[in-house]
Structures are given as C-alpha cells and as structure tokens.
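Only one structure is covered here, and it is reproduced in the block below.
Any read-out appearing in this document is the output of simple, stated calculations on the displayed coordinates, not a laboratory observation. What you are looking at is a predicted structure, and each value in this text was computed from that prediction instead of being measured. FYI the Cβ positions are ideal-geometry reconstructions off the backbone, even for glycines, and counts take in every protein chain you see.
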Amino acid sequence: MSSSNAAVEQHTAIAQDALPANAYALQRTNQLAGLLTIIRDTKTTRGDFIFYSDRIIRLLVEEGLNHLPVVDKRLNYEGVGFEGKICGISIMRAGEAMEAGLRECCRAVRIGKILIQRDEETHQAKLFYAKVPDDIAQRYCLLLDPMLATGGSAIKAIEVLIDHGLEAMYKAYPHVRVVTAWIDECLNEKKYILPGLGDFGDRYFTSD
C-alpha cells in the first residue's frame, strides 16, 4: 500500500467513526481526494474551481438520490421508481451552485430558494427570504448547501421547510439525512471550516 493510499484510508476510518447515524459520507477514493485537493487550493483558477466542484456536486447529488425510498414498478418488466416527487431547495447563494447537478440527474425537477445569512458576531443564522414549491409538502426535499460548518443555516432552512407544510412528513421520517463529500478537521474561532474551501460562493460565482 502506498503512503497516499494509506492516508486516504486512514482518514476514511476516522471520518466514518465520527459520523452520526443519519449522516453519510462519500466513499473516500483517490479521485475524490484529488478533486478536493484542487478546490481547496487558493491558487486554483475560477474555471477549474467550478469544473472540479461540479464533479463533486454530481457525486453528492447521485448519492443523495440513493437514499430516497423507491417502490416496485411492473410494466413489461420489473423495476423501481422513486416513492414520491422530488424538489431541491438551495441555500443561497452557494447552494445555487448545486442546482445544475440536481437538474442533470432529475429532469424538470422543481427548485426553491432560501436566503440565510450568519451574524458575524453571534454566528446565529437569520432568515431573509424563502420561496419554495407550493406542493412541497408532497415532495421529498434535497437541501443544497456545499459546506456545513456550525449547521446553523441548515437547521434554519429545515425550520422554514417545516413551516411550509413539511411537518407531517418530518414526523413520519424524523431522521433528516446528511450526505457529505468529506469531514474536515475542525472550525476555527470564527466558526470557519478548516482546512475548508474558502468562501465557496465567492469562488464559484465571482469572476477573477
């Protein structure tokens, strides 16, 4: 076993042990480690950052879809289909980077948006805007956010979705599932992820 492979496998064991029961991480492969190395690099150009981020996003979306329930379908053959309709909810603006990846996997999927910003002094999440599909209570929701630090934005977003009619579904399926690409080491005193990716939204959407 090479030293690089050993490092990836060691991190895999540590990361998986640290995950709660309702959280799932992508399989730690050399490819994924390489993709993350590129987008972590502050010298990576915006074009490369977008390209390699999109590759990881596609992997995340596909893994997220794997966790949705399916039902048997019998036509002239036996197969399966998703149990219910799907929608995506992006946490603006960084989460909007994941919308294309979801659309590539789910044709004509409906997408809503939530704007949540963090108070830099208290680190508390504040809601500024929410627009979700009218029939969201009948859909399984994929909440799109490329980074999860304190979890404040995600928690606030889930509260908003419950207020928009998801309470019954939440009671029926209380274990919200988190699918992530990688578990980083820690947060610094400002509650930023280390080593992290920098400001994902700025790096993805702001021109060089």
**Item:** Under 26 Å from the Cα of LYS85 - lysines, other chains or at least 8 residues apart
**Value:** LYS73, LYS113, LYS131, LYS156, LYS171
**Prompt:** If packing is taken as the mean number of other Cβ atoms within 10 Å per residue, what is the order of 67-74, 51-58, highest first?
**Reply:** 51-58, 67-74
**Burial order of peptide ranges 191-199, 76-84 (average beta-carbon count within 10 Å, highest first)** = 191-199, 76-84
**Prompt:** What aspartates and glutamates could a cross-link reach from LYS43, if we take a straight Cα to Cα line under 16 Å and drop same-chain neighbours fewer than 8 places away?
**Reply:** ASP199, ASP202, ASP208
**Item:** Average Cα contact separation per residue, the stretch 82-164, under 8 Å, 6 or more apart, as relative contact order %
**Value:** 37
